1. Can you list the GluC sites (Glu not before Pro) in segment B:248-330 that are in a DSSP coil and have 16 or fewer other beta carbons within 10 angstrom?
2. Net charge around B:Val45, counting only other residues with Cβ within less than 15 Å of its Cβ (Lys, Arg = +1; Asp, Glu = -1)?
3. With viscosity set to 1.306 mPa s at 10 °C, what whole-number translational diffusion coefficient in µm²/s follows for segment A:222-376 from Stokes-Einstein and a Kirkwood radius over Cα pairs?
4. How high is the FRET efficiency from A:Leu375 to A:Asp164, r the C-beta distance, R0 60 Å, rounded to 0.05?
5. Give me the distance in nm between label points sitting 7 Å out from Cα along the Cα-to-Cβ direction at A:Arg137 and A:Lys261, one decimal.
6. Calculate, in whole percent, how much of the Cα-Cα pair population of segment B:7-148 lies beyond 20 Å.
7. Measure out, as a whole number of angstrom, how far apart the alpha-carbon centroids of segment A:186-218 and segment B:246-296 sit.
8. Compute the convex hull volume of the Cα atoms of the protein assembly as shown, divide it by the residue count, and report the result per residue in Å³ as a whole number.
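Every number in this text was worked out from the coordinates using simple rules, so none of it is lab data. Not measured: the values here are computed from a predicted model. In this analysis, Cβ positions are derived from the backbone assuming ideal geometry, glycine residues included, and neighbour counts consider all displayed protein chains.
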Amino acid sequence: MELRDFYEKFRDPETIKALAKEIEKESEKLNGVINIMEVCGGHTHTIMKYGLLQLLPENIDFIHGPGCPVCIMPKERIDHAYILAMQKDTILCTLGDMIKVPGSKGSLQDARSKGADVRFVYSPMDVLKIATENPDRKVIFFAIGFETTTPMTAALLEQVIKRDLKNVLFHINHVTVAEVMRELIDSRDEHIDSYNNRIDAFLGPSHVSVIAGSRIYEEFPKKYNRPVVVAGFEPVDVMEGVLMTVRQFVENRCEVEIQYKRSVTREGNKKAWEMIERYFEKRDLFKWRGLGNIPKSAWKLKDEFSRYDAEKVYDLPKEEIEDHKLCICGDILRGMAKPTECQVFGTACTPFKPLGSCMVSSEGACAAYYKYGNLL
Amino acid sequence: MQKSVTLAMGNGGIENRELIEKIVFRHLKNSFLQNAEDGTVLGDVKNAVFTTDSFTITPLFFKGGDIGKLSVAGACNDLAMMGAKPLFLTLGFIIEEGFGLRDFERIVRSIKKELSINEAFIVAGDTKVVPKGSCDGIYINVSAIGERLREFTQKKIEPNDKILISGDIARHGASIFAGREGIELENEIESDCSSLWVVVKELIESGLNIKALRDATRGGVAAVLNEWAIDRELCFEIEEAKIPLRDEVRGICEILGFDPLILANEGTFVAVVGEEDDEKVLEILRKFNKNAQIIGEVTKEYPKRVLLKSEWGTRRFLDMPSGEILPRIC
């Protein structure tokens, strides 16, 4: 098998065109519009990069979800990363995009230009090498991501304990996908208008379900009457996911279906899940930028691993920092507004100077609209 | 002579002289350098074009080239893109204390080889040695003067012109990233690093209606197209599937999460050509790289923007690259 076999057939122009035709045919049988939320930023990226909206009929629309771990990071936690990076004799490691997101003090890039040692790693396991090569310095892993990346952080901690590395610390920001989906359609916060959300169905992120299984979405058809199709990230995957969703409406079904059968099962990867539960436990509340505090929506290290927990070892500020008043990211994430309806979109708020979560990383809805133009 | 560069070798005294005599002059000496005075008299240069560029790269030696080849090819390519024949170059080295002399000599040899391809000469130079830790091995600055034989300029670009690419893209960037990350592939990617004067010479001699050339170095093809679109207030429409890309380069981009359109090239250029001559120019380009391709045309649809068209009929903008090149997370 060659590398290209993993993506080529999932980007085949003829298949994409055929799926578009099929979706159009099926959608003629619908009464009214279906708004499908693609929860994951990876899906948003695929939809915008491949221009898939341009292929869909008028009665099918996407609502771009909160599934970008960089976008939803509240400013105060980005500040934590900045403060930790600026500590003496410290190396701060994190994943890709996180480096350019500004908090109230600046971004990790800014910290680096002021002399901090900030490194981006492809795999959390790279931290082991950095820690071994720098025994006299603290190496802090600023961990981000949904269920996809959480087991890797757990595996890193396992190795750190096994090798008895004394200089590695963790700042855990791992979040979970089902809790934020529930928040969007059924918020417990009475100040939040989740009752009027316009989400009719979810496109579930497949990489999360490789780990957590498709079972985590079962409450949505059952309790909330929203079907979920777990779909892959290539354009053919997304188009097929949309077709499966439309068919559920046409055939009056409401269930969890798996489009990404090549890696997703109902149960997921049990070993990886056990690993997560060995080291982590749920936080009571975690603040999501643009959405506020969501119960049980993030992990933290269990108390018995406190000595590895940078949030406990260092005295980090707890005050919350609010986004700009004009920012309407919360409404965009609930499907009640489009990025282009925001007063500051593309003017005061750009990817170079983001005011709200949706403009922060290339996977955020506003950033994707800005970058790719949302041409129709 | 010692095996590595010492601070004394940058002191202007005996050790400095020895380094220059034994390595630099040995390979690069010519009638201009022979005089070893404070400056070099060049005589008359017609329609002189002048450029400068500094080179810092990790790793210093990569598949398909090294910092020496890169610096001569890079500076000469800037002249070639202006329609100028490279003639005279200056060479400035900043070397880190402790840098291996054998590596230094290897770099100087590459410089010599690349000069001969361009039929150009080093006419002045300078060597500084800095304490260990204050630079990453070696930095090179090259300034170059050429004689302009044809006026290639973006000012001539008009609607309906065709856009061509001289070969497959992103090979230099992909090979450097793969090298840095220690990714081993069955077919190792070779940088496209090379001097373009040979191709450009033939393009000039053809007399075809070529308007502008630009080598797609840092920022890649995306940066070149956006710069032209903004300067000319025109729209550059590109058919994405026509952009040539090798399988292994695409593979690296898939693994690391990079867009090949923003990765650097060091021997691949974009050309804008009058619509009547696109096929003829393509024929010349293909003599040097069979992957050369006509990739799009200039229109007025979205002024100052680059438009990418997919094979399934959708369109999107291609942005000017910004910030560091970072991989996506999940």
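1. B:Glu301, B:Glu311, B:Glu324
2. Around B:Val45, the charge tally is 0.
3. 83 µm²/s
4. Rounded to the nearest 0.05, the efficiency is 0.60.
5. Taking the two extended label points, one gets 5.0 nm.
6. Summing the P(r) tail past 20 Å for segment B:7-148 gives 45 percent.
7. Taking the Cα centre of each part, segment A:186-218 and segment B:246-296 sit 43 Å apart.
8. Expressed per residue, the convex hull around the Cα atoms of the protein assembly as shown is 172 Å³.
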